[in-house]
Amino acid sequence: MNRASCYGVKTLPTIQADKLTKIASSIVEATGTPSDEARIVAEHLVRSNLSGHDSHGIIRLPYYLKVIKEGLIKPDAKMKIVKETVSIALVDGNWNWGQVTGKQAMEVAIEKAKATGIGMVALYNVFHTGRVGEYPEIALEHDMVGVAFGGGSKTPQVVHPLGLTRVVGTNPISITIPASEERPFLLDMATSVVAGGKLSWYLSAGKDVPDGWILDSEGRPTTNPADFRPPLKEFAHDIAQGKPTKRGSLLPFGDYKGFGLSMFIELLGGFLAESGQGVRGGFIFIAIDISQFRPVEEFKKSVGSFIRKVKNSEKRPGVTEILVAGDPEFNTRAERLQTGIYIEDGTWNDVQEAAKELRVDLESILKE
């Protein structure tokens, strides 16, 4: 950590994952969240940073604190199973932290998969679950296939390829498949051309976004992230107030194909979970027990062999390595566990302000 002291120093910080987890956990716990749940939230945020998904990492923390003040996250609320059978469950998250209820919902799906071969859980009344790739990875610990996706956003962000008005959310989807002798397959993606949170990172860092990501409020291509929406803390207030502000839009990936997948997630994730676009949040979690189809190691060996086949396939001129889904995340984790996690000034200043307000002693944590 290259910061001489916590407060008022303009040097850009690089912080080791364990210290950043302790900082985040202490701040979340200071909101009235039980310590074990605060740890879940903090670990989720830091693992997002470690995986290279900084848009869903520690940058989200000040935004969440603003959302708590607006009453859209209710720390220590209890998840409730509303309906269930041996293989499915409908779960009310009761607006607790999305990272907490998301983890709990995936664990329910896993237990049901152990009994029947496949478990599926629909979760509603959840504000934001963070990086969706976190949840299928839990299934990997049980040698299962994991799937998670979510839709039903109260605040759509993505435009139809021929439209001007935001009509669907970024609607992420993630799938994990275990493998032998290779790293697991891990697909983690938004159905928009980029996750909405990445625009917040660019805004905080004071950088333009690449061409082809967003349109302004008049439907014109733009590279200014402020044309999409204001900083996250202002955005949280607008959500709470239900303000219909005129803003730009994200584009779907792959034109009509990406938008079609996004609509599927919106319809199933949002409406099957009794959420829809009138209520914030709706997620689906699926676990598939491989052992009830074929021997697990046999399956994992086949997956690993196929991954090697793809990675060793003939490369285009100038290409040095073929990556498959999950490789960027696993590579970045290994690197950042060694070098630490870079936090841009805007986010670090917000974290310092939050720590001061909640009386969390950052200096003591950083000196440990």
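The values are calculated or read from the model by the stated rules, or taken from the named source; none is laboratory data. Because the structure is predicted, anything quoted here is derived from the model rather than measured. Here the Cβ positions follow ideal geometry from the backbone for every residue, glycine too, while neighbour counts run over all protein chains shown.
Pairs only if they're at least six apart or on different chains, beta carbon under 8 angstrom, first in the range 22-33 and free of Cβ contacts under 8 Å to residues at least 12 places away in the same chain, second surrounded by 20 or more Cβ atoms within 10 Å (Cβ to Cβ) and hydrophobic (A, V, I, L, M, F, W, C); list them, first residue then second.
Within 8 Å, the pairs are GLU29/ALA38.
Can you name every residue in the range 332-360 that is of a type in the set (Asp, Glu) and either closer than 16 Å to ALA42 by Cβ or buried (at least 16 other Cβ atoms within 10 Å of the Cβ) (or both)?
GLU344, ASP350
Per-residue answers, yes or no, for (1) on the phi < 0 side of the Ramachandran plot; (2) at pLDDT 80 or above:
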site	(1), (2)
PRO231	yes, no
ASP238	yes, no
GLY242	no, no
THR245	yes, no
LEU250	yes, yes
TYR256	yes, yes
LEU261	yes, yes
GLU274	no, no
ILE290	yes, yes
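Just the residues that are in a loop (DSSP other than H, G, I, E, B) and modelled with pLDDT of 95 or more, please, taken from the range 106-131.
GLY117
Filter the range 193-222 for residues that are among the hydroxyl-bearing types (Ser, Thr, Tyr) and under 23 Å from the mean Cα position of the chain (by Cα); which is nearest to PRO156 (Cα to Cα)?
SER200
All but one of (1) over 28 Å from GLY71 (Cα atoms); (2) in contact with a strand residue (DSSP E or B) (Cβ under 6 Å, 6 or more places away or on another chain); (3) at pLDDT 90 or above hold for GLU182, so report the exception by its number.
Unmet for GLU182, out of (1) over 28 Å from GLY71 (Cα atoms); (2) in contact with a strand residue (DSSP E or B) (Cβ under 6 Å, 6 or more places away or on another chain); (3) at pLDDT 90 or above: (2).
Residues of the range 307-320 being surrounded by fewer than 17 Cβ atoms within 10 Å (Cβ to Cβ) and touching an Asp or Glu at 6+ places or on another chain (Cβ under 9 Å), which ones? Even if it seems obvious, please write down each step before you answer.
At the first step, the residues of the range 307-320 found to be surrounded by fewer than 17 Cβ atoms within 10 Å (Cβ to Cβ) are 308-320.
Listed by number, the residues that qualify are ARG308, LYS311, LYS315.
Results for (1) farther than 15 Å from GLY196 by Cα; (2) among the hydrophobic types (A, V, I, L, M, F, W, C); (3) under 13 Å from the mean Cα position of the chain (by Cα); (4) part of a loop (DSSP other than H, G, I, E, B), shown as yes or no for each residue.
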position	(1), (2), (3), (4)
THR33	yes, no, no, yes
ARG47	yes, no, yes, no
SER55	no, no, yes, no
PRO62	yes, no, no, no
LEU65	yes, yes, no, no
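Any idea which of SER5, SER25, SER55 is among the polar types (S, T, N, Q), modelled with pLDDT under 95 and crowded, with 21+ Cβ neighbours inside 10 Å?
SER55
Which count do you get for residues in the range 127-151 that are among the charged types (D, E, K, R) and within 12 Å of the chain's Cα centre (by Cα)?
Here the count works out to 2.
Answer with yes or no whether VAL193 is under 18 Å from ARG60 (Cα atoms) and touching a residue at least 24 places away in the same chain (Cβ under 8 Å).
On the way: under 18 Å from ARG60 (Cα atoms): no; touching a residue at least 24 places away in the same chain (Cβ under 8 Å): yes.
Criteria not met by VAL193.
For the list (1) among the aromatic types (Phe, Trp, Tyr); (2) surrounded by fewer than 15 Cβ atoms within 10 Å (Cβ to Cβ); (3) farther than 24 Å from TRP213 by Cβ, I need the number of the one condition that TYR256 fails.
With (1) among the aromatic types (Phe, Trp, Tyr); (2) surrounded by fewer than 15 Cβ atoms within 10 Å (Cβ to Cβ); (3) farther than 24 Å from TRP213 by Cβ applied to TYR256, the lone miss is (3).
Among the numbered criteria (1) surrounded by 20 or more Cβ atoms within 10 Å (Cβ to Cβ); (2) within 20 Å of the chain's Cα centre (by Cα); (3) outside any helix (DSSP H, G or I); (4) not aromatic (Phe, Trp, Tyr), which one does ASN94 miss?
Just one mismatch for ASN94, condition (1).
Report whether or not LEU323 is more than 30 Å from ASN125 (Cα to Cα), touching a helix residue (DSSP H, G or I) at 6+ places or on another chain (Cβ under 7 Å) and exposed (fewer than 15 other Cβ atoms within 10 Å of the Cβ).
On the way: more than 30 Å from ASN125 (Cα to Cα): yes; touching a helix residue (DSSP H, G or I) at 6+ places or on another chain (Cβ under 7 Å): no; exposed (fewer than 15 other Cβ atoms within 10 Å of the Cβ): yes.
Taking the combined requirement at face value, the residue does not satisfy it.
Output the residues belonging to the range 189-220 that are surrounded by fewer than 20 Cβ atoms within 10 Å (Cβ to Cβ) and not aliphatic (A, V, I, L, M).
GLY206, LYS207, ASP208, PRO210, ASP211, GLY212, ASP216, SER217, GLU218, GLY219, ARG220
Scan the range 120-131 and tell me whether some residue there is out of contact with any Ser or Thr (no Cβ under 7 Å at 6 or more places or on another chain), buried (at least 19 other Cβ atoms within 10 Å of the Cβ), more than 21 Å from GLY326 (Cα to Cα) and polar (S, T, N, Q).
Within the range 120-131, one or more residues are out of contact with any Ser or Thr (no Cβ under 7 Å at 6 or more places or on another chain), buried (at least 19 other Cβ atoms within 10 Å of the Cβ), more than 21 Å from GLY326 (Cα to Cα) and polar (S, T, N, Q).
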